[in-house]
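This report refers to the structure that appears directly beneath it.
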Amino acid sequence: QVQLVESGGGLVQAGGSLRLSCAASGRTFSSYALGWFRQAPGKEREFVARISTTTAYYADSVQGRFSISRDNAKNLVYLQMNNLKPEDTAVYYCAAGATAVVFPAVVSAYDYWGQGTQVTVSS
């Protein structure tokens, strides 16, 4: 069982930066792949980024602007978001799941989810 708690969301102007954090419980944190998803009002939850033991993977919409990282010693995963755009506005969710999956960018690839943190980017 893994419990996830996100933090770091807020209001930022376009072009600004935020760093989201996700704290995880559980002694097997390092064995999970970790992902970030987001959901804007009226839209489906969409993939943002994923990190397994050694590989990071990004949605095209955030490639080059966002960076995912993890600290296994502290049970933390981060999402550094730079050059934010109004279309990045959403609730951001941290998720944990198995490392070996066929489709790593889908919601069903993850077993555990946080409660979400709001990110609002003003124009």
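The values are calculated or read from the model by the stated rules, or taken from the named source; none is laboratory data. Because the structure is predicted, anything quoted here is derived from the model rather than measured. Here the Cβ is made from the backbone with ideal geometry for all residues, glycine too, and neighbour counts use every protein chain on show. With ligands, DNA and RNA removed, areas are computed over all heavy atoms of the protein, side chains included. Shrake-Rupley method; radii C 1.70, N 1.55, O 1.52, S 1.80 Å.
Going through 97, 26 one at a time, which residue ends up being open to solvent by less than 20 Å² (accessible area, probe 1.4 Å), of a type in the set (Gly, Ala, Ser) and over 20 Å from residue 121 (Cα atoms)? Even if it seems obvious, please write down each step before you answer.
Numbers: 26 fails: open to solvent by less than 20 Å² (accessible area, probe 1.4 Å).
Matching residue, one of 97, 26: 97.
The range 3-85 holds strands (runs of 3 or more DSSP E) entirely within its bounds, and those carrying 2 or more residues that are over 26 Å from residue 100 (Cα atoms) map to 10-13, 18-24.
Among the residues of the range 52-89, those that are open to solvent by less than 20 Å² (accessible area, probe 1.4 Å) and among the β-branched types (Val, Ile, Thr) comprise 62, 68, 77.
Apart from one condition, residue 16 fits all of (1) surrounded by fewer than 18 Cβ atoms within 10 Å (Cβ to Cβ); (2) under 20 Å from residue 108 (Cα atoms); (3) not aliphatic (A, V, I, L, M); the exception is (2).
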